[in-house]
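Chemist: The structure under discussion is supplied below as structure tokens; questions concerning it will follow.
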Amino acid sequence: MLAVKIKPFTKPILIMKNTIHSIVTNSNDSVTLRLMTEHDLAMLYEWLNRSHIVEWWGGEEARPTLADVQEQYLPSVLAQESVTPYIAMLNGEPIGYAQSYVALGSGDGRWEEETDPGVRGIDQLLANASQLGKGLGTKLVRALVELLFNDPEVTKIQTDPSPSNLRAIRCYEKAGFERQGTVTTPYGPAVYMVQTRQAFERTRSDA
């Protein structure tokens with residue numbers, strides 16, 4: 001599952017405090033997104049120090065302290081910046097983290113040529129290594145994509161996994177993303193993957 005180190009963003013946007021969304025396949029297999037709260041920060045800190053996440057979240061040298069996590073993520077929890085953070089739930093239990101953000105003006109060296117205010121970037125991770133490769137990552141991404149496209153102002157969703165993160169690339173492809181070449185990020189080269197509103201709506205109409 002995708003995990004990349006995220007820098008904080010500073011451009012404020014309106015965040016819907018009651019946002020929640022889920023992809024349900026049967027009564028025992030649902031992925032739900034709820035907004036992250038301040039009470040989740042200690043849990044996120046523990047997740048970000050798990051080996052399978054550290055590998056794609058900046059490496060060993062970037063392992064965060066609890067203070068680091070509080071400093072970096074509390075502003076988004078308090079809706080003081082353009083990142084909207086979520087906790088992914090499976091049958092009432094937290095299984096991962098996800099976030100969306102306005103690509104335009106994100107200010108961290110990513111998407112510097114973006115001109116469309118309707119474009120959203122996404123990142124996410126699964127907390128438990130034992131749940132990798134079971135389709136939960138795809139369900140999580142699909143739930144996040146559908147949630148974002150519920151906003152009529154969102155035109156496109158994009159992301160940039162490492163070329164070496166084949167699990168993440170396959171996950172995004174299963175969730176409807178297409179490869180659009182490569183991009184250069186502050187963390188090195190990345191695969192540019194996109195899902196447009198038109199492609200999303202076409203997939204829904206064909207279902």
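Bear in mind these aren't lab numbers, they're just calculated from the coordinates by the rules spelled out. In this text, all values refer to a predicted model and were calculated from it rather than measured experimentally. We place every Cβ from the backbone using ideal geometry, glycine too, and count neighbours over all the protein chains shown.
Chemist: Once the dipole of the stretch 118-193 is set up with Lys and Arg at +1 and Asp and Glu at -1 on Cβ about the Cα centre, which of N128, G188, V154 lies farthest towards its positive end?
Modeler: Of the options given, the answer is N128.
Chemist: Starting from the amide H of N49, placed 1.01 Å from N in the peptide plane, find each other amide H under 5 Å away whose residue is 5 or more places distant or on another chain.
Modeler: Residues meeting the criterion, in which the H sits 1.01 Å from N, do not exist here.
Chemist: Between S164 and S130, what FRET efficiency follows from the Cβ-Cβ distance if R0 is 22 Å, with the result rounded to 0.05?
Modeler: Computed FRET efficiency for S164 and S130 comes out at 0.50.
Chemist: Suppose R0 equals 22 Å. What FRET efficiency, 1/(1 + (r/R0)^6) with r the Cβ-Cβ distance, do E113 and D151 give to the nearest 0.05?
Modeler: 0.45
Chemist: Extending each Cα 7 Å along its Cβ direction at R197 and D68, get the distance between those two points in nm, one decimal.
Modeler: 3.8
Chemist: Whose amide H sits under 5 Å from the amide H of D123, counting only residues 5 or more places off or on another chain, with H placed in the peptide plane?
Modeler: Under 5 Å from the amide H of D123 lie the amide H atoms of Q99, each far enough along the sequence or on another chain.
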